[in-house]
Structures are given as C-alpha cells and as structure tokens.
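Please treat every number below as a calculation from the coordinates, not as lab data. Model, not experiment: these values are computed from the prediction. For neighbour counting, all protein chains shown are included, and Cβ atoms are generated from backbone atoms with ideal geometry for every residue, glycine included.
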Amino acid sequence: MIIKPDIQGYLIYSTMLGYLTVLLMALKYPKQAKVLFVSSFLVSSAALIYRWSVVGHLPMQNMFEVFLFLGFCIWPIHIFSKKILRTNHSVLMMIDGAIGVVVLFPAGFIFNHHPQFLPPALQYWLFGPHVAAYMLAYIFMTKAAVFALGGLILSSRNMPSNNTMADSGYQLIAAGFPLLTLGLFLGSIWGKYAWGDWWGWDPKELWSLVCWLVYVLYLHVRFAWPRRQQIHNVLNIIGLVCIIITLLWVNLSKLFPGLHNYTS
Amino acid sequence: MSIKRYINLMILLLLAVFIIFSVNGAFMGARRAQAFFNSIPMMTFWGVLLFVLIAGFFMYASLRKRFGLMLIHGGCLLVLGGGVLGSEAGFRFFNQLFDQQSFTKGQMTLHQGQSSNRVVSEMEDSINELPFAVRLEKAFVEYYDEPAIRLHFGDAMHFMIPSQVGEKIEIPDGRGTVQIITAYKNFKMKQVDGQRIPYDSDGPESNPAYQLTITLAGGKPETLFVFERFPMHAMPGKIYSAEYVAPQIVKDYKSDLQVVKDGELVKQATIEVNKPLFYGGFHFYQHTFSYDQLGADQRHYGGIRPGCPACISGLRSDFHRSAEALLSEAFYEKVRHQRHERVAG
C-alpha cells in the first residue's frame, strides 16, 4: 500500500472520488452524476497529462502508468457503450463508475510511480497504439464481464432482464474483440521490427493469445448455441480472468520470464 | 447430425484444445514453447485447424458475405498458413524441395572495424555465408544520464561531482576544491621531448577519461586522471582517490553498418534497437553490445542478425529469408541490476 502525497496522487484520488460519487449518485441524481462523470474524466486526463510531462514519454510503460491510462479510458468508452447498449443510463454510469474506481486503485495505492526512462526496446511508434488498443479492449471486456456476472446473478434468483444482460455482454465483446485483435496484430508487426519474428512464444504473448482464443470460443459457442446464455456468461467471465492474468500475473510473477517484462 | 453441426463442434473442440496448449506453453517459457508448437504432433493440429478454417469458408455463406467475418477468418487462414510454411520444418522442406542452402536465422559477432559474411545459426550449429559482407564501422551506446566522478577519502567520506569541465567545486567539510580540467573521448599518451603528454585520439576505439585538479586545504594543486575502462587506483601516499562513474541508463544501442558487395560499398546505415537494416533479403538487427576483455580500450560488439523482409504470410523462399533477433533487454536488465546494486551498495 503506497499513498502518494503529491500532485500525481491528488489527481488520481480526486478522480477516484469522482467515480465513486458517480456510482453512488447515478440512480437518484442522474443529471448531476453525468456532470460529475465528465469532470472526473477531465481530472483523470490531467493526471495522465501530468504524468506524461513528468516522464517525457507516453505514459504506458509500467504498471502504474497502465492503470492510470485505464482510468482515463473509462469515460470515452462509457459514451461509446451508451450508444451501442440499450441499458438504462443510470445503471451504466454506476457500472462505469465502479470499474473506474477499481482500475484506478492499483495506480493510486499499489504500484509506485517513480519515473522511469523509456528503454531502447520500447522506443518505437507502435508502442502507443499497441498498448492503447489492448487497454481499450480490456475496459470493454471488463464491462462485458460485469454484465455477464449480472446476468448470472439475476438468473440464479429467477429474475427477468437476463436476456438484455447477456446481450449487452455480447455487444461489448463485439466492440472489444476487434481492438483485442488489433493489439495482437500491431504487436506482431512490432515484433518483426524488433526481434525479427512475428511471434516469439513469450508467456505474455501466449496469455494474450489465450484471452483472444477465449473470446473466439465465446463467439463460436454463442453461434452454435444461441440460447445457452449461462454458458455465454461463464465464458465471458473466464475471458476477464485471462485478461487479469495477462495484465498482472504474467508481469508480476517470476513464473513467466520473458521479453514483455518491462515493469519493475 | 449434419456436416455443419459436426464442423461446429470440431471448431469448439479445437479452440478449447488450443487454449489448453497455449496456457501450457506460457508456463514452459518462450524457448520450450516454440519447440513445442513447432513439433511434428503440433503440425497435425495446425493442419486440422487449417482444414476446418478452409471448410468453414465452404460451409458458411456468412464467412464469404459479411466483410468483418471474412476478414478475420481470412486473416487467421493467412497467419496459420504462413506460420506453417515459414516454420523451421516448413523451411527445411522447401530447402530440400528446391535443393537450396538458404537459412532462416543466425547471429554475427563483429568488432569495430571488422567485416564478415559468416552467420552462425543458433538452431543447427552451422555457419552460413551471406553473398555480401557486413562491416561494423562503429558501435556505440547512448545514455540518458551523464557520467560523473566520485571522490573517496580515507575516512570513508565520498563525494560525487558532475562531469562538467571548468567549474571549481568545493569539497564538503572545507577539505579543499576539485576541478575538471579536460574531458577525453579517447585518451592516449604520446612522448614529446621525453615527457608523456595526454591527448584525444581520433581512432575508432574509445577510452573516455577526465583530467582533474584537486587542491586540498593548505596544499598544492595535484593532477589526477580517471578512466571509464580502468577501475580506480589506490594512490600511495594520498588520502583521496577518484573514480569514473559511467552513465547507467541506456537510451539506445546503435551501430554504423556498411554492406560491401564485390568490394563495393552498396549500403550504409545506422541500426538501433527497433530499427534494423534491410539488404538483399535480410534484416540485420541490433542484438547485443559488449566491451572486449582483450585490450584495455578495445570495443567489442556482439550480434546482428540477418532476417526476413516483411512477408506478411511468413512464407520464406530463397528471396525471403528470415531471422530471429533478440532485443537488448537482457543487457538492459543487467544494467538495471548493476544500478540497483550500486544504489544498494
């Protein structure tokens, strides 16, 4: 647990407070929550830009920066999901507020924010696009898993609206999956210029392939058994578990040494 | 059960198996995972996967009609097909088929000023020859930080100064002053009238050094040198010593390369990490960098790897030769460790 009593920390904590208030206010005061959501986004942008100015390169290098970026993605993806989903806006704000608090927590309290220089390996124009595509995809998939979980809980209590839950999950995966594919594709192009090979069988690569394959399986299962929504929901959640492993376990554990370990 | 249904189940099964293989591969580490995924039994798996993908195109009209679906399935087909043809086994097959001696990957180790056309293959312990020579003109490292000089005193006090020429710096506790007089990129000595005089040489080697003047309180100015290549010397009769603190945070590893064919210079480029040189169907990557142990001021250079042009499908023929290359991460890690040790020590 690291508390950051500096500008960077205050910006993160106020964003988190903002997202938390959005979560609490969304049902009763949706209009105010909406305004607060936008302002929290602006504060998170400030946190990101501040970090950028401190380290002097795109802040996506280590765990701290990655989670900071995830927190920044929340609102843009919220606006996009509002367009594609039929879910009640207040509920969507609650979900996004909650995800925002969760993804900013590691940036605020777990990972240290000592500025690091960009190592030679990461100095390439695909560094930003490759990581950003994944981060955006991860937020979509996280939200999809929240809907899947909701669907599972509702159906276990024999409550209605289970259909829309599974549907929303699918809509979000359908939006996130191309981004996941793009991340894989860009990474492979980069690999060619950095290592001389499109694919290196590195643990991080294989875990990200596993994530991709789980969603591929999800899409095919959904095609094969359109009405087995419980199975869809379970696969959806497994997908998120794999993403968490890819993002955290692979980089933090000593079990998986490899070329993708830039974090300290 | 209709064929469609059968293929459907087959896809689900294959995907599930693929997921299990990948998780398993992630625990193996890159090298073993690569061997596993390139093994003969796995070739069967790839073959079945390819077959199902192709069959899918015939069975499901939506794969042909809906652009997004067609793109992603076509892409998978291309990646998988290219991967099989471009694998070590696929490559050996083509070599036999066309009776040629092309190779996929290897490593060259060059010293500064040296040229070679020999590529040592890592996989098969053989030496391959390029139809041209590669010459390493100069190899160098760029750093984020600057070198510094650390002064040590007999009573375990030490003091660090930045490597700026000119300014006279006070040593704490009123011990005196220290000043950097000259910075040398390539320190050499010459004899003039029986006296040894230091000078900066233009040669390709390098020997970074600084000339300092230290004036202890109540004493006369004394001259001393610090060298990046040579560790600190204990100076008899002196209560102080000085050490060159080399920069630690690597910004980039670079190499000036020349491609020489039939005695003529055909291409010249500076390569760095993430920026290979491409010539004659090969990519040359900056791989590692190290200093020599042989001579004091000799720079050693390790590894450039020839590689494949951007062939999207991964197909390799005589004109499309490919290569593996490693980043300098390993080295970077080492440097970082050293830094941590330094900080800790």
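General remarks:
- At full extension, residue B:61 and residue B:260 could sit 66.2 nm farther apart than now, given 0.36 nm per residue minus the alpha carbon distance.
- 5 angstrom amide H check on residue B:182, placed H, neighbours 5+ away: B:211
- Residues residue B:142 and residue A:84, FRET efficiency given R0 of 60 Å [Cβ-Cβ distance, rounded to 0.05]: 0.80
- When each of B:185/B:251; A:143/B:4; B:138/B:275; A:82/A:143 is checked by Cα-Cα distance, pairs over 24 Å: A:143/B:4
- Considering helices alone, the calculated mean residue ellipticity of chain A at 222 nm is -24500 deg cm²/dmol, with DSSP H runs of length four and up weighted by -39500 (n - 2.57) and normalised per residue.
- One decimal place: the segment residue B:223-residue B:126 gains 29.6 nm when fully extended, by the rule 0.36 nm per residue minus the C-alpha distance.
- With a simple spin-label model that places each label point 7 Å from the Cα along the Cα-to-Cβ direction, the separation between residue A:110 and residue B:186 comes to 5.2 nm.
- Whole-Å distance, taken between Cα centres, linking segment B:37-87 and segment A:109-152: 29 Å
- Ordering B:120, B:79, A:214 by the number of other Cβ atoms within 10 Å of each residue's own Cβ, fewest first, gives B:120, B:79, A:214.
- Nonlocal amide H pairs with residue B:270, under 5 Å, H built at 1.01 Å: B:257
- Cβ-derived FRET efficiency at R0 51 Å, residue B:177 paired with residue B:12, nearest 0.05: 0.05
- Sorted by Cβ density within 10 Å, fewest first, the residues B:255, A:81, A:156: A:156, A:81, B:255
- Set of segment B:63-83 residues, backbone N closer than 14 Å to the point 7 Å along the Cα-Cβ line of residue A:185: B:67-79
- The mean number of Cβ atoms from other chains found within 10 Å of a Cβ in peptide B:252-259 is 1, as a whole number.
- In order along segment A:36-52, the phi-based Karplus estimate (6.51 cos²θ - 1.76 cosθ + 1.60, θ = phi - 60°) of 3J(HN,Hα) comes to 5, 4, 4, 5, 4, 4, 4, 5, 5, 5, 4, 4, 5, 5, 4, 4, 4 Hz; Gly and Pro are listed as x.
- Neighbour counts of C-beta atoms inside 10 Å place B:76, A:73, A:211 in the sequence B:76, A:73, A:211, starting with the fewest.
- Applying the Karplus relation 6.51 cos²θ - 1.76 cosθ + 1.60 with θ = phi - 60° to segment B:158-167 yields 3J(HN,Hα) values of 10, 8, 10, 10, x, 7, 9, 6, x, 5 Hz, where x marks Gly and Pro.
- Computed about its Cα centre, the charge dipole of the protein assembly as shown is approximately 2620 debye, with only Lys, Arg, Asp and Glu carrying charge at their Cβ.
- Across segment B:247-253, rounded Karplus estimates of 3J(HN,Hα) from the backbone phi angles (6.51 cos²θ - 1.76 cosθ + 1.60, θ = phi - 60°) give x, 10, 9, 6, 8, 6, 9 Hz, Gly and Pro being marked x.
- 5 angstrom amide H check on residue B:206, placed H, neighbours 5+ away: B:299
- Hull shadow area, averaged, segment B:1-111 [alpha-carbon convex hull, nm²]: 10.5 nm²
- Residue A:158-residue A:244 pseudo-label distance in nm [points 7 Å out on the Cα-to-Cβ vector]: 3.1 nm
- Inter-site label distance for residue A:10 and residue A:174 at 7 Å from Cα along Cβ, in nm: 4.6 nm
- Extension gain, residue A:29 to residue A:252: 0.36 nm times the residue separation minus the Cα-Cα distance gives 76.2 nm.
- Mean sequence separation of contacting Cα pairs (under 8 Å, at least six apart), scaled by the length of chain A, corresponds to a relative contact order of 18 percent.
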